[in-house]
Amino acid sequence: VFPSKMKHFFICVQNPRLHKGDFWHTHIDYEICVHTNSMCFRKKTSFVRRRYSEFVWLRNCLEQNALIIELPRLPPWNPFFSLKNTEQVNQRMKGLQEFLEIVLHTPLLLSDSRLHLFLQSDLSITKIERCAHGKTRYTVAEAIQRSSSGYISRIEDKASFDSDYESSSSSSGLGLSLDSSVQGDPLLILQSSVRDPELCSCLSESSSPHTER
């Protein structure tokens, strides 16, 4: 609906969908479509659905972990928001998309595992937090690569997964190993627990002079 072409990204917030529960549990979610040739992303194309409150959660996470960066605002919460009001829906989708565009243009934020799980996995917010902190038996990379395949659900159905364990911070793909070079550096204040070393590496490489192929 509101396509936006960037140097390495094409992101679109579209297809609002109403989920009807009882009076207190009705909500709307939106499809986030990502196409990218950036090596910072594990998937080149992805589609996930997120609701407004999940965008609020994401912004709070990014704000807490990147204090020196002024984050863009989300479209304001409206208690009278209605899917039947086309103008309201279009304005909200436009605002959500613009928020993501600015976030993706901020290299420091791209090292946060939760951002990638938000955009490219179908994990709930609770599971994103656990995965990003190494408290699941699937890695960040697995959660993204296997999203929508039922892989994560099959893992969690096993009885042994009722009590997730604390994974080693050196596990491949978790994005959780402590980067000692960050300590004391005011320009890199993302919390180490959610920084992905592979993503940090790709950011360093992408910021170096190179010729695009």
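The values are calculated or read from the model by the stated rules, or taken from the named source; none is laboratory data. Bear in mind that the values here come from a model prediction, so they are computed numbers and not experimental data. When we count neighbours, we look across all protein chains shown, and the Cβ atoms used for this are built from the backbone with ideal geometry, even at glycine. Surface accessibility is based on the protein's heavy atoms, side chains included, excluding ligands, DNA and RNA. Shrake-Rupley method; radii C 1.70, N 1.55, O 1.52, S 1.80 Å.
Table: residues versus (1) among the charged types (D, E, K, R); (2) modelled with pLDDT of 95 or more; (3) more than 13 Å from the chain's Cα centre (by Cα); (4) crowded, with 17+ Cβ neighbours inside 10 Å.
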residue: 32; (1), (2), (3), (4): no, yes, no, yes
residue: 38; (1), (2), (3), (4): no, no, yes, no
residue: 41; (1), (2), (3), (4): no, no, no, yes
residue: 45; (1), (2), (3), (4): no, no, yes, no
residue: 49; (1), (2), (3), (4): yes, yes, no, no
residue: 55; (1), (2), (3), (4): no, yes, no, yes
residue: 59; (1), (2), (3), (4): yes, yes, no, no
residue: 69; (1), (2), (3), (4): no, no, yes, no
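Only one of the numbered conditions (1) part of a helix (DSSP H, G or I); (2) open to solvent by 50 Å² or more (accessible area, probe 1.4 Å) is violated by residue 79, and that is (1).
Which residues, taken from segment 19-46, are touching a residue at least 60 places away in the same chain (Cβ under 8 Å), over 18 Å from residue 82 (Cα atoms) and either assigned to a strand (DSSP E or B) or among the aliphatic types (A, V, I, L, M) (or both)? Matches in segment 19-46: 32, 34, 39, 46. When you check residue 50 against the structure, is it part of a helix (DSSP H, G or I), basic (Lys, Arg), under 21 Å from residue 125 (Cβ atoms) and in contact (Cβ under 8 Å) with a residue 24 or more places away in the chain, yes or no? Here the answer is no, as residue 50 does not meet what is asked.
Looking at segment 84-118, which of its residues are in a loop (DSSP other than H, G, I, E, B) and loosely packed, with under 14 Cβ neighbours inside 10 Å? Spell out how you get there, then give the answer.
Restricting attention to segment 84-118, the residues satisfying the condition of being in a loop (DSSP other than H, G, I, E, B) are 84-85, 105-106.
Passing the criteria: 84, 85.
Residues in segment 83-112 that are polar (S, T, N, Q) and over 14 Å from the mean Cα position of the chain (by Cα): 85, 86, 88, 90, 91. The criterion of being open to solvent by 40 Å² or more (accessible area, probe 1.4 Å) and assigned to a helix (DSSP H, G or I) does not hold for residue 135.
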